[in-house]
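**Q** Okay, handing you the structure first.
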Amino acid sequence: MTRAWILPVLLMLSGSVVATGLTFSGAPGTAAVFLLVFALLAGVNSPLVFPKSIGALEAQRRSAVDGKPVVFWRPGCTYCLRLRIRLGRSVSQLHWVDIWRDPAGAAAVRAANDGDETVPTVVVAGDPHTNPDPAWVREQLSRIT
């Protein structure tokens, strides 16, 4: 769980150090801008941007019942963030599994990607798709609903 927060915490600490240095050098406006930028970067790379993650086994069970895809992701992944943002409000229609929090999820991703933990990996009807286009994922969602 703490591994998911390492990057956001480092971004906030770095932003604080830069902002402090700029404030002491007489540029408080620039310091505020830097702190805001680092805070936004920390927020975007935090687990808070993504829907609540569940375990891989629970996600697979739910997917078998409702037919919704399972998305395996990890914090700090720019491709996962791109998928999350481009899906918009339809993200709640997916089952999200954070592979850093769930060893079974990480194992499922490695099994689908020849031993690599490449994310996002989206599993639709039992078939894994590595880093799919968000438009394709939306199309799969429209087939379900």
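The values are calculated or read from the model by the stated rules, or taken from the named source; none is laboratory data. Here the structure is a predicted model, which is why all the values come from computation and not from measurement. When we count neighbours, we look across all protein chains shown, and the Cβ atoms used for this are built from the backbone with ideal geometry, even at glycine.
**Q** What residue, of L141, L83, is at pLDDT below 90 and either of a type in the set (A, V, I, L, M, F, W, C) or in a loop (DSSP other than H, G, I, E, B) (or both)? Give the steps one after another, and end with the answer.
**A** On the way: L83 fails: at pLDDT below 90.
Among L141, L83, only L141 is at pLDDT below 90 and either of a type in the set (A, V, I, L, M, F, W, C) or in a loop (DSSP other than H, G, I, E, B) (or both).
**Q** From the list R61, R82, pick out the single residue that is touching a Pro at 6+ places or on another chain (Cβ under 9 Å) and of a type in the set (K, R).
**A** Result of the check over R61, R82: R82.
**Q** Give the residues of the stretch 100-119 that are among the basic types (K, R) and under 15 Å from P75 (Cα atoms), sorted by residue number.
**A** Answer for the stretch 100-119, where residues must be among the basic types (K, R) and under 15 Å from P75 (Cα atoms): just R101.
**Q** Out of curiosity, is D114 acidic (D, E), on the phi > 0 side of the Ramachandran plot and modelled with pLDDT under 95?
**A** Here the answer is yes, as D114 does meet what is asked.
**Q** Filter the stretch 119-138 for residues that are part of a loop (DSSP other than H, G, I, E, B) and surrounded by fewer than 17 Cβ atoms within 10 Å (Cβ to Cβ) and give the result.
**A** The answer is A125, G126, N131, D133.
**Q** Here's a follow-up. What number of residues in the stretch 28-80 are outside any loop (DSSP other than H, G, I, E, B), over 23 Å from S16 (Cα atoms) and touching a Leu at 6+ places or on another chain (Cβ under 6 Å)?
**A** Looking only at that region, the number is 1.
**Q** When both residues are 6+ apart or on different chains and their Cβ atoms are under 9 Å apart, which pairs have a first residue that lies in the stretch 26-44 and is assigned by TED's automatic domain parsing to the domain that holds G15, and a second that is exposed (fewer than 13 other Cβ atoms within 10 Å of the Cβ) and outside any helix (DSSP H, G or I)?
**A** Every condition considered, the pairs that remain are A31/S25.
**Q** I would also like to ask the following. For the stretch 86-100, what are the residues that are in a helix (DSSP H, G or I) and surrounded by 14 or more Cβ atoms within 10 Å (Cβ to Cβ)?
**A** Listed by number, the residues that qualify are R86, L87, S90, V91, Q93.
Table: residues versus (1) more than 20 Å from the chain's Cα centre (by Cα); (2) over 18 Å from Q140 (Cα atoms).
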{"position": "G15", "(1), (2)": "yes, yes"}
{"position": "A27", "(1), (2)": "yes, yes"}
{"position": "L40", "(1), (2)": "no, yes"}
{"position": "G43", "(1), (2)": "no, yes"}
{"position": "V71", "(1), (2)": "no, no"}
{"position": "Y79", "(1), (2)": "no, yes"}
{"position": "L87", "(1), (2)": "no, no"}
{"position": "D98", "(1), (2)": "no, yes"}
{"position": "N113", "(1), (2)": "no, yes"}
